[in-house]
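For reference, the structure discussed in these notes is given below.
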Amino acid sequence: MAVCVAVIAKENYPLYIRSAPTENELKFHYMVHTSLDVVDEKISAMGKALVDQRELYLGLLYPTEDYKVYGYVTNSKVKFVMVVDSSNTALRDNEIRSMFRKLHNSYTDVMCNPFYNPGDRIQSSGSDAAEPGFPVITTWIPTCEKRMGGRPGHGPCPLGFPRMPRPLTAW
Amino acid sequence: MSVPDYMQCAEDHQTLLVVVQPVGIVSEENFFRIYKRISSVSQISVRDSQRVLYIRYRHHYPPENNEWGDFQTHRKVVGLITITDCFSAKDWPQTFEKFHVQKEIYGSTLYDSRLFVFGLQGEITEQPRTDVAFYPNYEDCEAVEKRIEDFIESLFIVLESKRLDRATDKSGDKIPLLCVPFEKKDFVGLDTDSRHYKKRCQGRMRKHVGDLCLQAGMLQDSLVHYHMSVELLRSVNDFLWLGAALEGLCSASVICHYPGGTGGKTGARRFQGSSLPAEAANRHRPGAQEVLIDPGALTTNGINPDTSAEIGRAKNCLSPEDIIDKYKEAISYYSKYKNAGVIELEACVKAVRVLAIQKRSMDASEFLQNAVYINLRQLSEEEKIQRYSILSELYELIGFHRKSAFFKRVAAMQCVAPSISEPGWRACYKLLLETLPGYSLSLDPKDFSRGTHRGWAAVQMRLLHELVYASRRMGNPALSVRHLSFLLQTMLDFLSDQEKKDVTQSLENYTCKCPGTMELLTLPGGPTLPPVPFTKLPIVRRVKLLNLPASLRPQKMKSLLGQNVSTKSPFIYSPIIAHNRGEERNKKIDFQWVQGDVCEVQLMVYNPMPFELRVENMGLLTSGVDFESLPAALSLPAESGLYPVTLVGVPQTTGMITVNGYHTTVFGVFSDCLLDNLPGVKTSGSTVEVIPALPRLQISTSLPRSAHSLQPSSGDEISTNVSVQLYNGEAQQLVIQLENIGTEPLETLEVTSRLLTTKDGISVSGFPLCSPFRQVVRPRVESKPVNAPEGGKPGDPSHMKTLEAILNFKYSGGPGHAEGYYRNLSLGLHVEAEPSVFFTRVTTLPATSTRQCHLLLDIFNSTEHELTVSARGNEELILHAGECQRMAIQVDKFSFESFPESPGEKGQLANPKQLEEERQEARGLEIDSKLDVHWRIPSLKRTGEASVEGLLSQLVLEHLQLAPLQWDVLVDGQPCDCEAAACRVGDPVRLEVRLTNQSPRSVGPFALTVAPFQDHQNGVHNYDLHDAVSFVGSSTFYLDAVQPSGQSACLGALLFLYTGDFFLHIHFHQDSASKELPPSWFCLPSVHVRALDAQA
């Protein structure tokens, strides 16, 4: 199953991002953030294709040592990014596609909610991250809250790069 | 080979590598001065040929890389230039020796070398030497460039000879096997005679010749050689060299396709001189024939030197797509060899540069991704930094800004890795700053003020924390404060409660040494950091300029009011103007502030922090008028709701003042918050007029002030209220003292008073204005006659009546007066009147005199105290609480008609009913003043008066009224009313009836008859007195008509024949004249005459 799922607005800021190992969430933030370069590139390459023929699924964005990053873009240029463990070889392209489709359906539900302001952060009601069913988010209750539920701490740098001494507590 | 050159690009394959190095002690400055001049000679057109040589200069080159020179000739150091200082001939041999030692390092590959000696003069310099050049000093060496050109030409000669030598190797000769350092041991004991081995030798040699051709400026030849080499090596599976041959092919093709170069600036420089466009340059490149390969010309047993035979076949140059395919292939071959890591890495970098030019970012990113994973060996920290930086640069090159920022940040972290003994905080900070665009983070808080923050808050916060930390370690606390302020201001919504605490705690720690300012900070790189005003600490929701308190509010004189009316529009009201939103903020407010007076602005603020927020030095920022701001300090409770804060200041001059914002000091950071930059602030205008100074009056009263405010409907805003509780009829003196506490003199003062009508139907009598400074207020409440209650208790004794009045003091002075302004100070009076005594019933009894009567007052004490009531000339009556007693007062009748009745000016308009009421009231007052009924509560020492006003019925009034016709009866010239007049028997008694007409009309004539009678005191009146009383003359009198205010009299005489008490009854004859008049007008006194004995 995926270790991180993100919904990214048309303007490339996160609407929702949640990862399964919550202790190192920042790593996934970086991973998803950098993947947007590839998403942008793929979208611009796709731009020439006719709209109705366009494939929403972007496929593998890039692999890292431990993870694979997949992308999906809706017709309204909202992006879904999913990070899966690369050791999970059982995960086929088709399953990734179907996960994205479910995610897209959930997102559509959120959009249908009259109390949701498009562009606001999305909050998931399920305590999803820890659950085995992740990232199939059952119910999404958007709130107008500005803050995310669990926000990333100051984990070590991604990819095992050297990290800064933890700010604030160090001084 | 382990040191990669990340700056390499495809066209470097055509360059000759020349190392320039100092020998001995040469100052860096001098060395680089010469180095710069040398490297300017990077491109030489070879004499007598169209070919161009490209030179790559290095001042550092690891000799181990040199060992790979056979593999790719551009890695081979072919030239060495050494620079040295030598000041005496004595040192010369030693210096020269060093040059030789230096040469040894690259000796195996050098084509030629030079030594530049600076400073040496004398005979040694006279020697003509090709390999040594002498210059007296670093300034005086114009010939350096020329020398270098000669040197390159000599390199070319060697290169060309080698190329020809290799290319023209006879097919019969044994071709040596070229190999890379790590291969050498693999070929020991290999069968050198096998076809396989031979092919390998041939392939490698072809590749080598291709390299040499490329270097020698024969691009098309090199392509041919590379192609052939690829064929040969592919057949023998010599992957490493196959890779090199493919890469060579790519390089040559890239040079062919992209004459502008792929390496950025360095590449572009090469064609500075060429004004030809890229395409044209390509077509006309030296030696750019359409050289095509002929597979048939490839013989397996040798290399055909004549490449011209291959013309006319397929184009040798790879298409742009093929270049990438071949690069991929080459890299995949390289990757089979662990020792070729550097080669692979560099090939990746070169391919990325080509792809960047082709704008194929996706492919490029794949190459880069591959480059990331190439594991060379344990890199030094410096090498790591270099590697991450170059990755970042390359990602930037292909437009992957986020990825670029990511690696730049990693590089920055590497600069201060714990393993580094001297962390480079400065470099770290600089690199971190460069990552900002990649994280779409601007350090200008203005970019964040619009709407909600949209970005990667988590990573942005992380970056800001790192900036703070790095700048602190860098020793620049001002930067740390600025970054931390920025973090707090822009990321507030994303900080957890604990983080808010932590961030503010550290901010306070920093600012106690280096307070945050509003100044621009200049960064080491040159750009500036804009100030960060804390517009969210606290958050301001509303800004409202407050009017002055009612008592200090300036008002325009009425006469000048006309000037204020706007002449902009002919319409009194237009919705179009009213809804002009754009001007809302700068709209002028319709009240004024006064110079020299404290003016207030109210802000609705709230504290978003989970702890108490201390805001110090909070004041207003204004423009237009000199304004003395009086800063305030406030403390807002945690997560407070909207909290009103009033900021004050004193305008020092006059004109239009605009409130632009406010300043604060929070956590030691000074902030100037401009309203224009605040999102979601409601303001009803921020510009107000300041008018010239006016005097300021302070009011103090003899009675204590009360919080009781007047009815809201009163209309005026009352600054001071006095409240007093009185008993009905009680009088209270109020002394008002006015003091001018302003700086301007008081020039005019106008006092007016106004009573507020109350619904209770209460009226107040007596509100005279004695003097402007002394005001006596005598409220008197009348209550309607209370019907005498059956149970003895009067109805609703607790009912209190209130009445209110306003005293207005209109004053002005100073410059404000000259401008036509005044101030209005209002004093509100609130009186609660408690009932004291009631007259439950008022009746009259006729007195003995027709000019007097008895007034019977039933007085009820409605207080809870014992009180005494007294009337003029009467005894005191003591009334217990709730007691009712009757008081009889003999009063003279009143001639009400003498009062000014319905004065002309109001009489014409007022309706009769009103007139009648007023008349009633006037009568009541008259009666009251006559009666002067007073009550006194001894226990409370309070006194008051009681009024009969409103209690008098028409009947009572009529009884109390003197008839307009006054009849006087005079007996012997003496007026006779109740007293008995004495006379003697037998003497005629003169009787005079006199009529005074007080009515406004003429009356009469009247006829009246005098009838004497005797009262037997038993109810029997004896009129049969013909014997006892005789008239002298007629018993009937006649009076002529009497004009208003006129008087008339008639005379007669009586003769009493016996002694006794006689009464005279004077009655009128019934006639038409007398019938018109009310009977009460004909009320004559009864005359009592006592006839006495004549002899007495």
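Annotations for the structure displayed:
- Exactly one residue out of A:Val81, A:Val73, A:Val110 is within 14 Å of chain B (Cβ to nearest Cβ) and touching a residue at least 24 places away in the same chain (Cβ under 8 Å), and it is A:Val81.
- Lone qualifier among B:Phe367, B:Phe448, B:Phe406, B:Phe400 - being in contact (Cβ under 8 Å) with a residue 24 or more places away in the chain and closer than 26 Å to B:Pro515 by Cα: B:Phe448
- Exactly one residue out of B:Tyr35, B:Tyr6, B:Tyr57 is touching a helix residue (DSSP H, G or I) at 6+ places or on another chain (Cβ under 6 Å), outside any loop (DSSP other than H, G, I, E, B) and hydroxyl-bearing (Ser, Thr, Tyr), and it is B:Tyr57.
- Condition check for B:His196: more than 28 Å from B:Gln14 (Cβ to Cβ), in a helix (DSSP H, G or I) and of a type outside the set (Ser, Thr, Tyr): yes
- Taking the criterion of being buried (at least 19 other Cβ atoms within 10 Å of the Cβ) and outside any strand (DSSP E or B), the residues of the stretch B:521-547 that qualify are B:Pro531, B:Val532, B:Pro533, B:Phe534, B:Thr535, B:Leu537, B:Pro538.
- Qualifying residue in the stretch B:668-676 (condition: crowded, with 17+ Cβ neighbours inside 10 Å, touching an Asp or Glu at 6+ places or on another chain (Cβ under 8 Å) and within 28 Å of B:Asp502 (Cα to Cα)): yes
- Qualifying residue in the stretch B:425-442 (condition: buried (at least 18 other Cβ atoms within 10 Å of the Cβ), of a type in the set (A, V, I, L, M, F, W, C) and part of a loop (DSSP other than H, G, I, E, B)): yes
- The set of residues in the stretch B:358-413 being within 26 Å of B:Ser319 (Cβ to Cβ), of a type in the set (A, V, I, L, M) and either more than 9 Å from chain A (Cβ to nearest Cβ) or surrounded by 20 or more Cβ atoms within 10 Å (Cβ to Cβ) (or both) consists of B:Ala364, B:Leu368, B:Ala371, B:Leu394, B:Leu397, B:Ile398.
- Looking only at residues of the stretch A:11-56 that are exposed (fewer than 14 other Cβ atoms within 10 Å of the Cβ) and within 11 Å of chain B (Cβ to nearest Cβ), we find that the one that is modelled with the lowest pLDDT is A:Ala45.
- Selection within the stretch B:489-506: residues that are among the acidic types (Asp, Glu) and out of contact with any helix residue (DSSP H, G or I) (no Cβ under 9 Å at 6 or more places or on another chain). The member of this set that is nearest to the other protein chains (Cβ to nearest Cβ) is B:Asp502.
Conditions tested, residue by residue: (1) surrounded by fewer than 21 Cβ atoms within 10 Å (Cβ to Cβ); (2) in contact with a Gly (Cβ under 9 Å, 6 or more places away or on another chain); (3) under 22 Å from B:Met205 (Cβ atoms); (4) without any contact (Cβ under 8 Å) to a residue 60 or more places away in the chain.
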{"residue": "B:Ser42", "(1), (2), (3), (4)": "yes, no, no, no"}
{"residue": "B:Arg47", "(1), (2), (3), (4)": "yes, no, no, no"}
{"residue": "B:Tyr54", "(1), (2), (3), (4)": "yes, yes, no, no"}
{"residue": "B:His60", "(1), (2), (3), (4)": "yes, no, no, yes"}
{"residue": "B:Glu67", "(1), (2), (3), (4)": "yes, no, yes, no"}
{"residue": "B:Phe71", "(1), (2), (3), (4)": "no, no, yes, no"}
{"residue": "B:Lys76", "(1), (2), (3), (4)": "no, yes, yes, yes"}
{"residue": "B:Lys90", "(1), (2), (3), (4)": "yes, no, no, yes"}
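- Residue within the stretch B:100-112 that is basic (Lys, Arg) and under 30 Å from B:Ala347 (Cβ atoms) present: no
- Residues satisfying the stated conditions in the stretch B:422-454, i.e. modelled with pLDDT of 80 or more, more than 9 Å from chain A (Cβ to nearest Cβ), touching a Leu at 6+ places or on another chain (Cβ under 8 Å) and under 30 Å from B:Gly680 (Cβ atoms): B:Leu436, B:Leu441, B:Ser442, B:Leu443
- Just one residue in the set B:Phe182, B:Phe116, B:Phe99 is touching a residue at least 40 places away in the same chain (Cβ under 8 Å), part of a helix (DSSP H, G or I) and under 26 Å from B:Gln215 (Cα atoms); that residue is B:Phe182.
- Single residue of B:Leu240, B:Leu233 found to be of a type outside the set (Val, Ile, Thr), surrounded by 15 or more Cβ atoms within 10 Å (Cβ to Cβ) and free of Cβ contacts under 8 Å to residues at least 40 places away in the same chain: B:Leu233
- B:Pro1012 falls short on exactly one of the conditions (1) at pLDDT 80 or above; (2) loosely packed, with under 15 Cβ neighbours inside 10 Å, and that condition is (2).
- Only one of B:Arg409, B:Arg377, B:Arg387, B:Arg353 that is of a type in the set (D, E, K, R) and either under 30 Å from B:Pro477 (Cβ atoms) or in contact with a strand residue (DSSP E or B) (Cβ under 7 Å, 6 or more places away or on another chain) (or both): B:Arg409
- Of the residues B:Phe1031, B:Phe1013, the single one that is touching a His at 6+ places or on another chain (Cβ under 7 Å), of a type in the set (Phe, Trp, Tyr) and touching a residue at least 24 places away in the same chain (Cβ under 8 Å) is B:Phe1013.
- The listed residue being within 30 Å of B:Leu746 (Cβ to Cβ) and modelled with pLDDT under 90, out of B:Leu603, B:Leu697, B:Leu675, B:Leu636: B:Leu697
- Screening B:Ser419 against (1) within 14 Å of chain A (Cβ to nearest Cβ); (2) buried (at least 18 other Cβ atoms within 10 Å of the Cβ) leaves a single unmet condition, (2).
- In the stretch B:455-467, the residue that is nearest to B:Ala412 (Cα to Cα) out of those that are at the interface with chain A (Cβ under 7 Å from one of its Cβ atoms) and in a helix (DSSP H, G or I) is B:Glu466.
- Selection from the stretch B:485-512 of residues that are closer than 19 Å to B:Pro533 by Cβ, hydrophobic (A, V, I, L, M, F, W, C) and in a helix (DSSP H, G or I): B:Phe486, B:Leu487, B:Leu488, B:Leu492, B:Val503, B:Leu507
- Any chance A:Gly59 is at pLDDT 85 or above and over 13 Å from the mean Cα position of the chain (by Cα): yes
- Test: B:Lys336 is of a type outside the set (Asp, Glu) and away from chain A (no Cβ under 13 Å): yes
- Members of the stretch B:744-765 that are out of contact with any Pro (no Cβ under 6 Å at 6 or more places or on another chain), assigned to a loop (DSSP other than H, G, I, E, B) and modelled with pLDDT of 85 or more: B:Pro745, B:Glu747
- B:Arg990 vs. criteria at pLDDT 75 or above and either more than 30 Å from B:His880 (Cα to Cα) or crowded, with 16+ Cβ neighbours inside 10 Å (or both): yes
The values are calculated or read from the model by the stated rules, or taken from the named source; none is laboratory data. Keep in mind that what you see is a predicted model, and the values were worked out from it rather than measured. Because the Cβ atoms are built from the backbone with ideal geometry, glycine has one as well, and the counts that use them run over all protein chains shown.
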